[in-house]
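Comments concern the structure below.
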Amino acid sequence: MYNILDRLDHFKFNYEDDVEISYLKECQLVEIINRGLADLYDSQPKNPINFLANWLLVESKGKEIKKMIESEKTIKTATKQLVDLKNQKLEEHKKQEEINIKKIEDEKDSLLKKIKSCTNFELNLNELCDEIQIATKSTGVYLGIYDKKRKAVKIDDDENAHLINAKVIRYIGFCKDHDFLKFKLLEADSGVTYDLFMPKSQKTKNKNEEDSEDEDSEAAKKAKIIAVSDNNLNSENEFFSDSNFVFVDEVVRDPRIKFFREPRLGCYLAIEIAINSSLSSTSLYSAIENLITYNTKIRENEARKEEYLKSGPDEGSPKENSNKKNAEVETEKGKTIEANSESQNTNQNASIDQQNLNISNSNKLNSSGANAQNASGADAINNSGMHNNVNADENKDAVFYEENIVLGDYVRTRKKYVLCLDTLGQDLVYGFEEKKFIFEISKVFKKSWEELEKTLLLKDRDLRIDQMDKENALKVSAYVEKLENDEEKFVKENMQSEKYSSIEDPIEKANYTELFKVRFLILSIQQEPGMMELFNLFSEYEVNK
């Protein structure tokens, strides 16, 4: 086949780069004409000019169609790539959101576990506030105790002289950047937090007064204080109806808000945490006395049972039925004890003169402590149940019913705390999920604190009973009487020595007498293993700490 390109290559020009020839090569016109002439030669039509013209027309249209098809393919490919890229980004964003959600949930679970595993809340309050601040994205987290106001005391004042009847909120824990709250307190006539401790009737009265305020007052219109005691709760607040809290969504619009620093935009949330505290002398003496009473009743019941079994019923009496009934009562007693161990919140509002109670209980415990270790791990007493009014000697045909004896509750001290959170400076309001998590924190805080104090109290109770048994053993062995005689002899010898015999002032003489008694006690503790063991028991008490 004749190729025009070969022919063009044989042309000789004066200039190597001829513009016309370059153009023909660039637009591929020579190649197209060459193919057209080749088809003309193969076909050899009668009218070669029309054939070549039609061939060029078809070639031109086909090329345009081909370009359109290629263009559409390119557009479809590009569109598919964009869609795939968008879907890939959405999938990556979804996975990242799931990772972030899981991370947040893990952080929340970690915080709750840390609260549950805390072994000393009073020492770790600041650290817990830091953790809560991070988990809730709050500006500030701080904990206050609703307690009596304190004052300076003198050296000869009693142990309660520092307390004043007026109650305030004293801040005892705070996150790192809120250490300015150290030694600060919130007076009763400032802030909105005291709405937590206001009687329900007073809250309703204040609510009605707020509703009747001047409508032109911007603060009265826009300040939104939500208290759980109000009857008009919206659907969201009904979820938190079992908690006592105060929520202010715009603090700068509420004139009652107390700012310790400059006012800033944000919200404020305060939740009451009422702890039934077990770490007090009142609780300790109550738990010890209840356990001693419980053990005494158990021994008396066992003695009656043993006496009944020894004497036995008369011939023909339903002894088998008696044994079966006793077994049923035993089972019922076990169930009652187990069920009662789960209830812990009785005697919450008991108010007892602690000093008189301790003196009274101390006398009772020292006289009743022997053999009190027969039961441990229970935490209260309930004397209700079936009583055995049967006298086996008077009526041997009677069935023996065991007394239903259970160990019930001890006296607790009610302590009120306030968990406070704010978002000052962030212009952020807590949403439903954030508040839900915060309320969960407060409930875990309360439960864990109470369980920890209960565990420590039971430990102290068992230590005290062990100590009482050792003291009673010493009394039986006449050790105490010997110790008193030795003490009197030690004091007398020292006071009659050359250095102290010349003292005439009665007050000075009495002071030296007490000094020698203390020295004798120290020597006795160091020399006697039994005394040292008793002394070491005091260092393990959680209440005294």
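The values are calculated or read from the model by the stated rules, or taken from the named source; none is laboratory data. All values reported here derive from a predicted model rather than from experimental measurement. Here Cβ is always computed from backbone atoms with ideal geometry, including for glycine, and neighbour counts include all displayed protein chains.
Has the stretch 216-236 got at least one residue that is within 24 Å of residue 274 (Cβ to Cβ) and modelled with pLDDT of 55 or more? Yes. Does at least one position in the stretch 109-123 carry a residue that is exposed (fewer than 13 other Cβ atoms within 10 Å of the Cβ), of a type in the set (Asp, Glu) and under 14 Å from residue 441 (Cβ atoms)? Yes, that holds for at least one residue. Considering only the stretch 152-192, how many residues are charged (D, E, K, R), within 27 Å of residue 131 (Cα to Cα) and surrounded by 14 or more Cβ atoms within 10 Å (Cβ to Cβ)? Adding up the residues that qualify gives 2. Scanning the stretch 72-79 turns up no residue that is touching a Lys or Arg at 6+ places or on another chain (Cβ under 7 Å) and assigned to a helix (DSSP H, G or I). Taking into account only those residues within the stretch 264-298 that are at pLDDT below 90 and surrounded by fewer than 21 Cβ atoms within 10 Å (Cβ to Cβ), which is farthest from residue 136 (Cα to Cα)? Within the stretch 264-298, the match that is farthest from residue 136 (Cα to Cα) is 281. Taking (1) modelled with pLDDT of 80 or more; (2) assigned by TED's automatic domain parsing to the domain that holds residue 302; (3) of a type in the set (Val, Ile, Thr) in turn, residue 423 satisfies each apart from (2).
Please verify whether the stretch 86-94 includes one or more residues that are farther than 20 Å from residue 144 by Cα and either at pLDDT below 90 or within 23 Å of the chain's Cα centre (by Cα) (or both). The answer is no; no qualifying residue exists. The set of residues in the stretch 191-203 being modelled with pLDDT under 85 and small (Gly, Ala, Ser) consists of 201 alone. Taking first residues from the stretch 79-107 that are surrounded by 10 or more Cβ atoms within 10 Å (Cβ to Cβ) and partners that are assigned to a helix (DSSP H, G or I), the Cβ contacts under 8 Å between residues at least 6 apart in sequence or on separate chains come to 107/134; 107/135. Take the residues in the stretch 404-431 that are in contact with a Phe, Trp or Tyr (Cβ under 6 Å, 6 or more places away or on another chain) and of a type outside the set (A, V, I, L, M, F, W, C), then tell me which one is nearest to residue 196 (Cα to Cα). Among those that are in contact with a Phe, Trp or Tyr (Cβ under 6 Å, 6 or more places away or on another chain) and of a type outside the set (A, V, I, L, M, F, W, C), it is 416.
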